[in-house]
Amino acid sequence: MLKKLMSIFKPDTPDNKPSQRSKTKVASSKPKPKVQPTRIGELGEHKINIQLDQLPKGCKYISDLMVANPKSRTGYSQIDHVVITPQGIFIIETKNYNGEIKGTRDNKSWSVSNRFKMYNPFMQNYGHIQAIKQFLPNYQESRFISLVSFTMRCRFSVDPELRNIQSDELIVYDVELSEYIQRKMNRIGAEKTHPVLAESDIQKIYQTLKEANITDAKIRAEHVDKAGSVGKAKK
């Protein structure tokens, strides 16, 4: 009994010291793995596809469309997303920047936080629209809407008109993409200035673009390399 009582009052030694939960986290010596740019792009595209899946029944979309374009310096145009709706065809260019996006419709170059420049995305998307139109000779009079989507890590210092739903050139955040498309569809429907695309028209346009899509990995890689070289030359 005496031994038991003495053991109760025995001071703790380093070996039998009771464990305590540390209130501070120990920093791991292992560096966090970096997310590769290609992976970031894939995640961004996935977010856009989730948005496009929310569009009304009857709309169709194609992602990562690459078509021949003799007017392009690379010989091809690569379009992030094409959405075909009864009210018109939406051509979407997605950007993955962080910071203040500054520019006007007429500026050839836009700036990102005044650190570096990028080609005006609406001029870029205009080329995409023209590339698509060459495959749709029977739909030249259809409404084509240019949409440029940025992540929420950006803030816009652009022409207010580019946020106005009346415009056929719109800059949006990725999380509001489906909302803006729906609002634009409603706006065009109310204007009644363009013929509505029937279900058969939508299917025909969709099928035509799917057949025009270049899926060859080698050609796609060459296009990316050439596009990168052209971009560096412009700088």
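Give me the pairs: first residue in the range 148-167 and on the phi < 0 side of the Ramachandran plot and surrounded by fewer than 17 Cβ atoms within 10 Å (Cβ to Cβ), second residue at pLDDT 95 or above and among the polar types (S, T, N, Q), beta-carbon distance under 6 Å, and six or more apart or on different chains, which are they?
Matching pairs, first to second residue: Glu161/Ser167.
Could you tell me which numbered condition Tyr61 fails, if it satisfies all but one of (1) at pLDDT below 95; (2) of a type outside the set (Val, Ile, Thr); (3) within 16 Å of the chain's Cα centre (by Cα); (4) within 30 Å of Asp225 (Cβ to Cβ)?
(1)
So how many residues does the range 156-178 have that are more than 15 Å from the chain's Cα centre (by Cα) and either among the acidic types (Asp, Glu) or over 18 Å from Pro56 (Cβ atoms) (or both)? Before the answer, list the steps.
At the first step, the residues of the range 156-178 found to be more than 15 Å from the chain's Cα centre (by Cα) are 156-169.
Remaining after also requiring either among the acidic types (Asp, Glu) or over 18 Å from Pro56 (Cβ atoms) (or both): 156-164, 166-169.
Residues in the range 156-178 being more than 15 Å from the chain's Cα centre (by Cα) and either among the acidic types (Asp, Glu) or over 18 Å from Pro56 (Cβ atoms) (or both): 13 in total.
With respect to Glu211, is the statement that it is outside any loop (DSSP other than H, G, I, E, B), among the acidic types (Asp, Glu) and either open to solvent by less than 30 Å² (accessible area, probe 1.4 Å) or modelled with pLDDT under 95 (or both) true? Explain how you work it out, then say what you get.
Values: outside any loop (DSSP other than H, G, I, E, B): yes; among the acidic types (Asp, Glu): yes; either open to solvent by less than 30 Å² (accessible area, probe 1.4 Å) or modelled with pLDDT under 95 (or both): no.
Answer is no for this residue.
Considering only the range 194-208, state which residues are touching a residue at least 24 places away in the same chain (Cβ under 8 Å) and either hydrophobic (A, V, I, L, M, F, W, C) or open to solvent by 80 Å² or more (accessible area, probe 1.4 Å) (or both). Break it down stepwise before answering.
Going residue by residue through the range 194-208, those that are touching a residue at least 24 places away in the same chain (Cβ under 8 Å) are 194-199, 201-203, 205-206, 208.
Matches in the range 194-208: Pro195, Val196, Leu197, Ala198, Glu199, Ile202, Ile205.
Here is a check on your reading of the model: is Glu141 open to solvent by 40 Å² or more (accessible area, probe 1.4 Å) and either without any contact (Cβ under 8 Å) to a residue 24 or more places away in the chain or closer than 22 Å to Met66 by Cβ (or both)?
No.
Which condition from (1) open to solvent by less than 70 Å² (accessible area, probe 1.4 Å); (2) at pLDDT below 95 is the one that Asn114 breaks?
Just one mismatch for Asn114, condition (1).
Across the range 117-128, which residue is nearest to Tyr206 (Cα to Cα) among those that are open to solvent by 30 Å² or more (accessible area, probe 1.4 Å) and either outside any helix (DSSP H, G or I) or in contact with a Lys or Arg (Cβ under 6 Å, 6 or more places away or on another chain) (or both)? Show your work before the answer.
Of the residues in the range 117-128, the ones open to solvent by 30 Å² or more (accessible area, probe 1.4 Å) are 117, 119, 123-124, 126.
With either outside any helix (DSSP H, G or I) or in contact with a Lys or Arg (Cβ under 6 Å, 6 or more places away or on another chain) (or both) added as a condition, the list becomes 117, 119.
Working: Lys117: 34, Tyr119: 28 Å.
It comes out as Tyr119.
Inspect the range 170-187 for any residue being among the aliphatic types (A, V, I, L, M), surrounded by fewer than 16 Cβ atoms within 10 Å (Cβ to Cβ) and part of a helix (DSSP H, G or I) and give the result as yes or no. Reasoning before the result, please.
Narrowing the range 170-187 to residues among the aliphatic types (A, V, I, L, M): 170-172, 175, 177, 181, 185.
Then drop every residue that is not surrounded by fewer than 16 Cβ atoms within 10 Å (Cβ to Cβ), which leaves 175.
Narrowing further to those that are part of a helix (DSSP H, G or I): 175.
Yes: the range 170-187 contains one or more residues that are among the aliphatic types (A, V, I, L, M), surrounded by fewer than 16 Cβ atoms within 10 Å (Cβ to Cβ) and part of a helix (DSSP H, G or I).
Looking at (1) without any contact (Cβ under 8 Å) to a residue 12 or more places away in the chain; (2) assigned to a loop (DSSP other than H, G, I, E, B), which is the one condition that is false for Arg105?
(1)
The values are calculated or read from the model by the stated rules, or taken from the named source; none is laboratory data. Keep in mind the model is a prediction, meaning the values are calculated, not measured. Cβ sites come from the backbone with ideal geometry, for glycine too, and all protein chains shown count toward neighbours. Just the protein is used for accessible areas: all its heavy atoms, side chains included, with ligands, DNA and RNA removed. Shrake-Rupley method; radii C 1.70, N 1.55, O 1.52, S 1.80 Å.
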